[in-house]
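Take a look at the structure below.
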């Protein structure tokens with residue numbers, strides 16, 4: 001489940017190690033690029049935090065964000 005923080009969808013993912021976190025980010029990048037909808041991502045060793053909002057919709061949460069959020073959950 002995604003939370004809403006500062007009008008953005010937000011989720012924290014925790015992995016066993018840095019390599020697993022990077023592999024996850026690479027998969028997110030591929031899916032995001034195919035949708036032409038890119039998240040904000042922060043990585044700290046094995047913790048990945050993702051925020052989603054639609055920049056061209058005044059940084060509001062849109063259907064694009066929900067669609068990408070669902071695809072990201074399928075990756076994890």
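The values are calculated or read from the model by the stated rules, or taken from the named source; none is laboratory data. This is a predicted model, so every value here is computed, not measured. As a convention, Cβ positions derive from the backbone with ideal geometry for all residues, glycine included, and neighbour counts pool all protein chains shown.
Checked against (1) surrounded by 10 or more Cβ atoms within 10 Å (Cβ to Cβ); (2) farther than 15 Å from residue 69 by Cβ, residue 6 passes all but a single condition, namely (1). Scanning segment 7-40 for residues that are free of Cβ contacts under 8 Å to residues at least 24 places away in the same chain and at positive phi yields a single hit, 36. Count of segment 46-60 residues, restricted to those that are in contact with a helix residue (DSSP H, G or I) (Cβ under 9 Å, 6 or more places away or on another chain) and touching a residue at least 40 places away in the same chain (Cβ under 8 Å), is 3. Would a scan of segment 13-27 turn up a residue that is at pLDDT 95 or above, outside any helix (DSSP H, G or I), touching a helix residue (DSSP H, G or I) at 6+ places or on another chain (Cβ under 9 Å) and buried (at least 16 other Cβ atoms within 10 Å of the Cβ)? Yes, there is a match, as at least one residue in segment 13-27 is at pLDDT 95 or above, outside any helix (DSSP H, G or I), touching a helix residue (DSSP H, G or I) at 6+ places or on another chain (Cβ under 9 Å) and buried (at least 16 other Cβ atoms within 10 Å of the Cβ). Only one of the numbered conditions (1) surrounded by fewer than 16 Cβ atoms within 10 Å (Cβ to Cβ); (2) closer than 11 Å to residue 72 by Cβ is not met by residue 55, and that is (2).
Criterion applied to 33, 56 was being over 10 Å from the mean Cα position of the chain (by Cα) and modelled with pLDDT under 95, and the one residue passing it is 56. In segment 61-76, the residue that is nearest to residue 12 (Cα to Cα) out of those that are without any contact (Cβ under 8 Å) to a residue 60 or more places away in the chain and assigned to a loop (DSSP other than H, G, I, E, B) is 61.
Scanning segment 1-12 for residues that are modelled with pLDDT of 95 or more and under 14 Å from residue 73 (Cα atoms) returns 2, 3, 9, 10, 11, 12. With respect to the conditions (1) in a strand (DSSP E or B); (2) touching a residue at least 40 places away in the same chain (Cβ under 8 Å); (3) more than 16 Å from residue 4 (Cα to Cα), residue 43 lacks only one, and its number is (2).
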